[in-house]
1. Taking the stretch 28-84, which residues are among the hydroxyl-bearing types (Ser, Thr, Tyr), touching a strand residue (DSSP E or B) at 6+ places or on another chain (Cβ under 8 Å) and not in a loop (DSSP other than H, G, I, E, B)?
2. If I ask for residues that are more than 35 Å from the chain's Cα centre (by Cα) and in a helix (DSSP H, G or I), which ones from the stretch 263-293 would you list?
3. If I filter the stretch 120-135 for residues that are under 30 Å from Glu342 (Cβ atoms), in contact with a Leu (Cβ under 9 Å, 6 or more places away or on another chain) and crowded, with 17+ Cβ neighbours inside 10 Å, do I get at least one hit?
4. Since Pro356 meets every condition but one in (1) in contact (Cβ under 8 Å) with a residue 24 or more places away in the chain; (2) closer than 29 Å to Gly59 by Cβ; (3) part of a loop (DSSP other than H, G, I, E, B), which condition does it not meet?
5. I'd like the residue in the stretch 158-194 that is of a type in the set (Ser, Thr, Tyr) and under 30 Å from Val227 (Cβ atoms) and, out of all such residues, is surrounded by the most Cβ atoms within 10 Å (Cβ to Cβ).
6. Ser128: touching a Lys or Arg at 6+ places or on another chain (Cβ under 8 Å), touching a residue at least 24 places away in the same chain (Cβ under 8 Å) and not charged (D, E, K, R), yes or no?
7. Looking at Pro318 and the list (1) on the phi > 0 side of the Ramachandran plot; (2) in contact with a strand residue (DSSP E or B) (Cβ under 9 Å, 6 or more places away or on another chain), which single condition is not satisfied?
8. From the list Pro304, Pro369, which residue is assigned by TED's automatic domain parsing to the domain that holds Arg20 and either within 30 Å of Glu46 (Cα to Cα) or not acidic (Asp, Glu) (or both)?
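The values are calculated or read from the model by the stated rules, or taken from the named source; none is laboratory data. If you're wondering where the values come from, they're calculated on a predicted model, not measured in any experiment. All Cβ positions, even for glycine, are placed from backbone atoms using ideal geometry, and neighbour counts span all protein chains on display.
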Amino acid sequence: MTEEQGPAPLSGVRVLDLSRVLAGPLATMTLGDLGADVVKIERPGEGDDTRHWGPPFAGDDAAYFLSLNRNKRSLTIDLKTPAGVETVRRLAAGSDVLIENFRPGLMRDLGLSLEDLRALNPRLVTCSLTAFGDDAPEAASRPGYDIIVQALSGLMSITGERNGEPTKAGVALLDVVTGLYATIGILAALQERERSGVGRHVSVSLFDASVAAMVNQAANFLIGGIVPVAMGSQHPNIVPYQVFHGSDRPFVLAVGNDRIFQRACEVVGHPEWADDARFATNRARVAHRDELVAMLASAFAERPATSWLEALEAASVPCSPIRSMDEVFAAPEGAALIQTMEDEARGTTLRLVADPIRFDGERLPVRRPPPTLGAHDDEAPGP
């Protein structure tokens, strides 16, 4: 936010962050980007696990950690000591939000039950992120790593090539979804607190959020009894909507309705396909998927991908090249997402992806680069 726009939306909100790895830190970074003062509690000498998940590194910290922890302060506190627990209690007394993703029951074991913290600070919004929920039988026995839940939620069963090996998504997508759900819940609880004067407890499990993220695939089963399978880049409900290959490289075609299909047929040089009863509607195209895909694949193989992309775009048919990461940031829209910040503690200039939220067209600023471990031990905030 610029000075002309006034303070950031969450200016004055303090978040006590006892989370680590991805889902929790993503949620608290988003709150920090929106203006909250985020105080990240870390283990002395070790810190968040993701500090060590490299290479690459900047200083002692992995790029993985740096991608999730800007706009935060880092305090090292040993929660196994009475002094450490008392420090957290003091910090909670002066905070608006506390978020944690310990195994169920550990906060109580540490002497930091959410009920006790709420009694200490009735306005405190608390948030727990778990693998399976506090009451699930798996809660105490199964770890909450993203790949585990990708397997258990069904995502891996629908990812990859048809009849191929089950495949995880190329990023910890379910952790990201869970972190965003947690952010939504926290923001809603803060809004409600303005009316009620008291905080609420927000809980999101990785499994619950992940199954919810299956959206149409879950509904296909619950409503239609269809057990989804891996289909490569194909869509279970839309045809054609997948990767095709030009004579040189692959590209994506996304035909979302019958009008677009008609235009695509004209570009391919076969306008009669749009009138064929097998292909005239999306429902018919899904039923005759293999026939249509084979016909389109044969046509697209005759010319380079760039030639097809130019013709399809000119006809307003959604399509795209398939970019590698370097190509993403070489493109103008990708380059605009690179946020550069001077990191004096590490003696370097960091380049990270900006928060995608804009207010009145302006990107959210970086007030602090990701902290080095314990960088703010000497400025622990009071209640």
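1. Within the stretch 28-84, Thr28, Thr50, Ser74, Thr76 qualify.
2. Once the filter is applied, which keeps residues that are more than 35 Å from the chain's Cα centre (by Cα) and in a helix (DSSP H, G or I), the stretch 263-293 yields Cys265, Glu266, Val267, Val268, Pro271, Glu272, Trp273, Ala274, Asp275, Glu291.
3. No, that holds for no residue.
4. Condition not satisfied by Pro356: (1).
5. Checked the stretch 158-194; the qualifying residue surrounded by the most Cβ atoms within 10 Å (Cβ to Cβ) is Thr178.
6. In short, no.
7. Checking Pro318 against (1) on the phi > 0 side of the Ramachandran plot; (2) in contact with a strand residue (DSSP E or B) (Cβ under 9 Å, 6 or more places away or on another chain), the one that fails is (1).
8. Checking each option against the conditions leaves just Pro369.
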